[in-house]
Amino acid sequence: MTAYLGGALLFIWLVAAFLLVPKLKKGNRYQTAAKYDLSNLFGYDKIKKEAETAGISLNFKEFMMIVILSASVGLIIAVLIGNLFFIAVGIFLSFMLPKFIVMKIKTRKRKNILFELPDSMKMYTSKLIDFPSLERALEMALPDFNGESRVFFEKALKGLKLNLPAEQVFKELNKEVRVKKFNDFTDKLLMANREGFHLRSIESLKETNRSLSYDVKLIKGIDLKNKQKYQKLYAMIVLAWAMPAILSTMNTGNGNVFLNTLHGQIYIVVFFIITIFCVIKGDEYLTLNLEDL
């Protein structure tokens with residue numbers, strides 16, 4: 001009976017998924033209203049803004065696919081083990097997982113940019129000694145740039161080649177990078193461009209780079225300590241799950257206490273949700289805030 005009910009729920013969910021992700025057409029007020037309601041319900045607008053700050057394009061249909069796939073995890077587990085309370089896990093995941101995924105990608109990209117900047121700034125400064133021109137030095141340094149930050153410098157070089165004002169080009173670059181000490185670096189670049197690339201201006205650029213390098217070194221140290229804390233968190237979760245695993249050996253008649261009794265099924269679902277919550281919130285707590293640097 002449970003298997004038939006689970007199969008019916010899975011079919012209903014697939015139909016709902018098809019309806020929730022419609023092909024939106026202009027002038028269709030019903031679909032536009034449905035999209036707006038779902039956006040508010042799952043926080044699409046807020047998550048989309050977070051994605052955009054990381055250079056990630058996330059449209060409504062892609063977002064709803066993540067929501068539906070997240071919810072499907074709980075539904076599939078419910079059908080496989082015959083515990084329909086696991087549908088609650090799917091609902092919980094549908095609200096928590098999309099934001100978690102976007103924030104993980106955003107943090108990774110942000111960290112990569114920050115860790116790459118000192119080397120990029122050092123290379124750019126060294127080229128200015130031989131090529132005292134913003135455009136020429138960047139052109140010569142760019143082949144040695146790697147990773148996420150290279151894209152930003154490529155845009156800057158294109159702007160300089162199009163003879164856009166240097167102030168405008170580096171203002172846009174600062175918006176992309178969003179690191180205060182890099183703003184100081186570009187301010188000094190612009191000043192040197194006006195007054196000339198002499199030894200004093202080059203040394204000033206190197207000083208800013210050394211300061212940022214020191215900050216990055218500290219951040220890497222904190223990041224390493226946080227990775228050790230992650231390991232402790234996961235170890236505690238494994239130990240916490242050892243108790244249900246041990247208790248599951250205590251069968252009631254011919255059934256498993258967590259699979260075949262009502263209170264056991266509810267307990268394991270609640271325990272599962274608490275575990276996911278701890279992982280997500282633990283990640284938020286241990287993740288470095290790299291937005292206000």
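Yes or no: the range 154-177 includes at least one residue that is among the small types (Gly, Ala, Ser) and modelled with pLDDT under 90. Within the range 154-177, none of the residues are among the small types (Gly, Ala, Ser) and modelled with pLDDT under 90. Against the conditions (1) without any contact (Cβ under 8 Å) to a residue 12 or more places away in the chain; (2) of a type outside the set (S, T, N, Q); (3) assigned to a helix (DSSP H, G or I); (4) surrounded by 13 or more Cβ atoms within 10 Å (Cβ to Cβ), Phe185 satisfies every one except (1).
Scoring Gly27 on the criteria (1) over 25 Å from Asn260 (Cβ atoms); (2) surrounded by fewer than 18 Cβ atoms within 10 Å (Cβ to Cβ); (3) modelled with pLDDT of 75 or more leaves a single failure, condition (3). Just one residue in the set Val79, Val73 is β-branched (Val, Ile, Thr), more than 20 Å from the chain's Cα centre (by Cα), at pLDDT below 90 and over 26 Å from Ala51 (Cβ atoms); that residue is Val79.
Among the residues making up the range 230-243, those that are within 22 Å of the chain's Cα centre (by Cα) and surrounded by 13 or more Cβ atoms within 10 Å (Cβ to Cβ) are Tyr230, Leu233. Number of residues in the range 142-167 that are in a helix (DSSP H, G or I) and within 29 Å of the chain's Cα centre (by Cα) equals 14.
Each residue in the range 195-219 was checked for being of a type in the set (D, E, K, R) and closer than 13 Å to Pro118 by Cα, and 5 pass. Scanning the range 124-141 for residues that are buried (at least 18 other Cβ atoms within 10 Å of the Cβ) and either within 28 Å of the chain's Cα centre (by Cα) or aliphatic (A, V, I, L, M) (or both) yields a total of 5. Here Glu284 fits the description: more than 30 Å from Lys127 (Cα to Cα), part of a helix (DSSP H, G or I) and acidic (Asp, Glu).
When the range 95-127 is limited to residues that are aliphatic (A, V, I, L, M) and at pLDDT 90 or above, the one that is nearest to Val179 (Cα to Cα) turns out to be Leu117.
The values are calculated or read from the model by the stated rules, or taken from the named source; none is laboratory data. Source: prediction; values computed, not measured. Virtual Cβ from ideal backbone geometry, glycine too; neighbours counted across all protein chains shown.
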